[in-house]
Each structure stands twice: as C-alpha cells, then as structure tokens.
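Here the structure is laid out as structure tokens; the discussion comes afterwards.
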Amino acid sequence: MSSEQTDSLAAFFDDASSGRGDDGSGSGRPPRRRRRPLLKSARFWVPVSVLLVLIVAGVAGGVAAKKLYDQAMSAKSDLEQAIPLVGQVQQSMLAGDTAKAKTTIAQITALTAEAKKKTSTDLWRGSEWVPVAGPNLTAVRVAADSADALVRDAVSPLTAIDLQALMPKDGAFDVKHLTALAGDVTRADETVKRIQHDLAGLDRSALIPPVASGITKLDDELAKVGPVLTPAHNALTILSKALGSDAPQHYLLIFQNNAESRGTGGNPAAVAMLTAENGRITLTQQAGSGDFHNARDTPIIPLDPQLEALYGTKIGRWIQDSTLSPDFTDTAAIVRAYWAESFGTPVDAVASFDPVALSYLLRAIGPVTLPTGDVLTADNAVPLLLNEVYARYPEGAEQDAFFAATAKAVFDGLLSSHPDPKTLLDALSKAANEGRLMYAPGVKEQAALLAGTPVGGTMPTDNATSTDLGVYLDDITEGKLDYYMRMSIAAKSTQCQADASPTFTSTVTLKNTLDPGAVAGLPVYIAPGRFFAKGDVSTDMYLYGPVGSTLTGVTVNGQPYASAGMPHLGRTAVKVNVLTHPGEAVTIEATFTAPAGSFGPLEVRHTPMVAETPVTIDAPGCAAKK
C-alpha cells in the first residue's frame, strides 16, 4: 500500500474516532449526539475503515488489502452521496411532487446498489472467515444489503403513492387503486421485517464497538419504520373491502357527545347507518337515542361478568351508557344489538366519531353550510355542537334533528370537496391517536389487525409493546356540563428501577372550569340540577393499572379513599366518585404494583375530553436502558 493511501486511511480513521468535535476543532470534547434518520449519518459507515485497519494489519495484506481498501472507500463514497438525497425525497413527498421523488429515489437506489455490490465481492466474502475481522465484515455486508433492500423494496415503492388518488372522486373511492396500494405497502412492511430478522441473526458479541454501534443505529431506525408501515399495512388491508370492493358493507357510525363523558368519549345520542358499495358511500339512515328501547329491566345482551361487576347493568340497559367500557368492542356489540332490535338491518362494523374529531376534519375539507344557515367551521364546531345548541334548541327532538342535519351536511361535504390529502390524513390520524375515531369490524381477521391499537378501541393484552395505564370517566350528573371540565394526567412508574414489584401511579386532576356566576343562566338541558346542585359535576372515574397489576391504594386530594380493585381486561381497575363544584379542582391518585417482568414504554389511555388532556410520563431509568 502506498504512503499516500496509508495517510488517507489514517486521516479518515482519526477523524471518525479521535474524539474531535463535529467542527474538527480538536477540543477533545465528544461530538453532540443527535438522532438522525436512516441513511443520514455518515458515521454508520465508519466501521468500514476500522475493519480495513484490521485487514491491512493482519488479514489480507499486499494487493488484496489495497483492493479491499479501494472497495471500502468507493462504497463509502456511494453511501455518502446517497445520504443527502434521502432528505430530498422526504421533502418532495411532503410537497406532493412525486415525479421529483421518483427521480431522486432512482439516484439513491443506484448508489446503494453499488455499495452492496462492493461489499459482496469474493474478496470481501472470502475474508469473512478470519477471526475478529470476519464477523465484523459480515455485519457491514449485511448492513449494506439491508440499506439497499430498504431503499429498493420499501422506500422506492412508496414513492409511487399518489395521495390525491386516495381521495374520493365524483363521490366514490377507487377501490382497485386502494387494493394495489395495499399490495405495495404489504411488500414494504415484509421487507422491513425481513431486514430486522437478518440483523437479529448477527453475532453481536463478536463485533467491535464501532460496528456494533452502527448496527444498533440501523436497528433503531428500522424500529421507527415499523410503527409507520405496519398500521398503514393493516389499514389498507381493511380499507378496500370496507369500501365494498367485494360486497356492500353496512356501518353504524355513532357520534359521541364529549359534553357528557363516557368511557370512550361521551353519550352516543346520535347514530347513522352508512352503506359502502364499490367505493361509493351513502348515508342511508339516521337515529337518535329515543329510537331505541332504553330503561329496560335487563341488559339487551348478556354482559361479561367482570364488565357488569365494574360498570353495572346500565351499560346494557341504556344505549346512552353503551360507551362506558374502555373496550370499544363491548360498545359495538351492544349498539349492534340495539340496532337489530329496532331496525333489523345488517351491520358489518361499528365506528365512532366525536365533535372534536369533526373539527379536525373541517380543517381539511373547509366550512360546511348547514340547512339552518349556520356555517360550521373548524373553530366553531365544538362550541356550537357541544354547548350552544342546547340554548338554541331546548327540546331533545329538536337537538336530534339538528345533529342529524349536521352529520349529513358534513358527510356530503367530505365526499364532494377536494381536500388536501395530507391535511385530511393528518386530521384523521390525530383523531385516531386521541381515541376520537374508532372502528370495530365484524370480521375476526380484520379485528385482529386492529387489536391493541387506539383506532381499534382496545387496550393491549400484555405489557410487551407498551405498559398502559387507563383513566376513564362517566358523568352521572345528567346534563352536558363536561363541556366545562378539564383533565390532566401524570403517570409515573419504577418499572426501570425495581427488579421486583414495580409500582405504577396515575395522578389525575379534574377541574370544573364553570364560572360560578354563570350557573344560574345555564340552559336546563346543560344543567338540570335534579340530582346534584346546579353547576356541580359528579364523575365516576375508572383507573386501570397495567396488565397483571394489583391496586395498592387511592387518595383524593391527598386523603385515603376507601376503594377495592376489581379485575377487568386482565388488569385491576378501581372506581372513584368525585364531585366538583364550579371553579373547583380535585386530584385523584391511584397506585398499582405488578410482578417482575418485561415492561414496554409507559403510556396512558384516557377518555377523550372536549379540551386536550395534558399527559406527563415519568419513568426514571427507562431512557438509560433503551
């Protein structure tokens, strides 16, 4: 090897690992650690140089070492050229410029393919048997193969997605296009899983630190891709058939009124039947809570004993209470039974939406004019539908008519408008993540794809992927005073500190923000004052611990609260009743313990309120263990 080559290699290795700052100042300070997206960090390819030093020193020698050096440096150059182009693809896709994205991805594909070629030569592979250096060479080759496969088989196909083609045209969705798109996303999802499997097969114990660090970074980036692709795969797998590609589909859509809280949102006083056939959706029937047989002596369907023990039989005796359970599949079964009893038409799935989610939707589709002459916007939808309507229409029948007309106008607006696809998808994603958009299909295979997800409306059945605490509300005041209620939640755990019996704590602050001076002027439908003083809000709060947990204790405003944990959904739950006067806040704290085990990141699921619910997470030690 020439002295110039040796000097070049030494300089490259020194820059990569000497500890100089990113600015090359030589200060000795370690560079700042920054999380970077896949393929954006040139440091991932530093192991190529480190391995080359080992090979030059004692493996290949002479001509072979020079050739391997040239291959490594050339592959490094290819990958460094590809790095900045990835950001350009992302920007082009976000801007809707798919043509430019395709051109750029073609450049990236060529570069990563070359890098793969240069790390897959006979010389490279032939050196993989050498002790110490060999496993590291293998790891770098697998990483190069993985990067190439990721770009070629996952990123590249997704640049073909035309978001505008996902939107309805002439009142219908193109189900053939959706089916083809589902195939592309499925293949991308399978590619990511295959790459993760290949990386998992590497002997990490044999890797030198720079190589191990590079592989770990690739692991981390793939871990980010999976949570994006898998839900997209699941949604698209369902969507085409859900839109009636094979046969007409019938959906019950319930509108949850957050001004009267229930477990997954609120009182489901309005229900609509939607029919989908070959991509065309029509609103075929609407009903209100008064159209069903309520106040019945026994539940409309047999209830799970644990569900009934915790929530009582009212969940099955009043359709207004059918949304009490945090498991939306319970709601779907009960609402299906009510609909069958009253109307008898088939139901293939049950979906849920609320006025806050509607405000997100309006931000995408624009204002909608109602038959009353009102113009419904993203800014006025929540106050109009959850508060002002009760002053304008004091009778329940009038309110139901207004809600029905609003639902139809918004539905027609969605199908006839031409919203920006990204804005619309962002709105629906936000609604789903907040538990404001849920879907319970009648087909078991589809339900399995949604299990444990917010859009499926079910809590995880174990603590593997996430460790979930639950906070769910039931307003028993009789009225619509939850428009004024605000909730905040602080979750804390010792899951990354305690080897045995870690603790999990939910601290919930519930505040009645109603101005005491405004109480007397409230419409009767908002605050009847029959069972509680006008303006007071009585809330049954249900707090859930992680799967397998037991209740340790409950306090209200720092004072012990007599309570008993009850089993539900594989967890322990506790019911706490609190009364809040106008302007008053109450703090409830519940602590649970769980047996030693593996716990995913701490998360909180809760009733979606009228206003956003701030959630803070405190799990000391977890970040260090990640």
Check on Thr331, in contact with a Ser or Thr (Cβ under 6 Å, 6 or more places away or on another chain) and modelled with pLDDT of 95 or more: yes
Selection count where residues are buried (at least 22 other Cβ atoms within 10 Å of the Cβ) and in contact with a Lys or Arg (Cβ under 7 Å, 6 or more places away or on another chain), scope segment 125-146: 1
Selection from segment 427-455 of residues that are under 13 Å from the mean Cα position of the chain (by Cα), surrounded by fewer than 18 Cβ atoms within 10 Å (Cβ to Cβ) and modelled with pLDDT under 85: Ala451, Gly452
Sole residue being farther than 24 Å from Val368 by Cβ and at pLDDT below 90, chosen from Asp475, Asp420, Asp499: Asp499
Residue that is modelled with the highest pLDDT [pool: residues in segment 200-216 that are in a helix (DSSP H, G or I) and crowded, with 18+ Cβ neighbours inside 10 Å]: Ile215
Where Ser506 falls short, out of the listed (1) outside any strand (DSSP E or B); (2) surrounded by 19 or more Cβ atoms within 10 Å (Cβ to Cβ); (3) of a type in the set (Gly, Ala, Ser): (1)
Filtered residues of segment 94-149 (kept if part of a helix (DSSP H, G or I) and acidic (Asp, Glu)): Glu114, Asp122, Asp145, Asp148
Given (1) surrounded by 19 or more Cβ atoms within 10 Å (Cβ to Cβ); (2) modelled with pLDDT of 70 or more, number of the condition Val50 does not satisfy: (2)
Only one of Asp462, Asp412 that is modelled with pLDDT under 90, of a type outside the set (Ser, Thr, Tyr) and out of contact with any Asp or Glu (no Cβ under 6 Å at 6 or more places or on another chain): Asp412
Any hit, segment 300-311, residues being charged (D, E, K, R), surrounded by 18 or more Cβ atoms within 10 Å (Cβ to Cβ), part of a helix (DSSP H, G or I) and at pLDDT 95 or above: no
Number of positions in segment 588-606 that are of a type in the set (Ser, Thr, Tyr) and closer than 19 Å to Thr461 by Cα: 2
Filter result (surrounded by fewer than 18 Cβ atoms within 10 Å (Cβ to Cβ), assigned to a loop (DSSP other than H, G, I, E, B) and either touching a residue at least 24 places away in the same chain (Cβ under 8 Å) or touching an Asp or Glu at 6+ places or on another chain (Cβ under 7 Å) (or both)) within segment 163-173: Gly171
Elements of type strands (runs of 3 or more DSSP E) contained in segment 518-626, each with 3 or more residues being within 25 Å of Gly266 (Cα to Cα) and either basic (Lys, Arg) or at pLDDT 95 or above (or both): 537-547, 566-568, 571-580, 585-593, 602-606
Close pairs (8 angstrom Cβ cut-off, 6 or more residues apart or separate chains): more than 16 Å from Lys444 (Cα to Cα) in segment 233-246, among the acidic types (Asp, Glu) anywhere: His233/Asp189; Gly244/Glu277
Candidate set from segment 479-496 (those that are of a type outside the set (Gly, Ala, Ser) and touching a Cys at 6+ places or on another chain (Cβ under 9 Å)); member that is surrounded by the fewest Cβ atoms within 10 Å (Cβ to Cβ): Cys496
Any chance Asn234 is assigned by TED's automatic domain parsing to the domain that holds Leu414 and either surrounded by 19 or more Cβ atoms within 10 Å (Cβ to Cβ) or not in a helix (DSSP H, G or I) (or both): no
Count - residues of segment 545-579 that are surrounded by fewer than 20 Cβ atoms within 10 Å (Cβ to Cβ) and of a type in the set (D, E, K, R): 1
Residues within segment 382-438 that are among the aliphatic types (A, V, I, L, M) and more than 25 Å from Val350 (Cα to Cα), tallied: 3
Ala397 being at pLDDT below 90, hydrophobic (A, V, I, L, M, F, W, C), surrounded by fewer than 20 Cβ atoms within 10 Å (Cβ to Cβ) and farther than 28 Å from Ala594 by Cβ: yes
Test: Gly545 is touching a residue at least 40 places away in the same chain (Cβ under 8 Å) and over 19 Å from Gly583 (Cβ atoms): yes
Looking only at segment 445-460, and only at residues there that are in a helix (DSSP H, G or I) and in contact with a helix residue (DSSP H, G or I) (Cβ under 6 Å, 6 or more places away or on another chain), the one that is nearest to Leu239 (Cα to Cα): Gln446
Tally of residues being assigned to a loop (DSSP other than H, G, I, E, B) and over 16 Å from Ala272 (Cβ atoms) across segment 322-332: 4
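The values are calculated or read from the model by the stated rules, or taken from the named source; none is laboratory data. What you are looking at is a predicted structure, and each value in this text was computed from that prediction instead of being measured. Note that we place each Cβ from the backbone using ideal geometry, even for glycine, and neighbour counts take in every protein chain shown.
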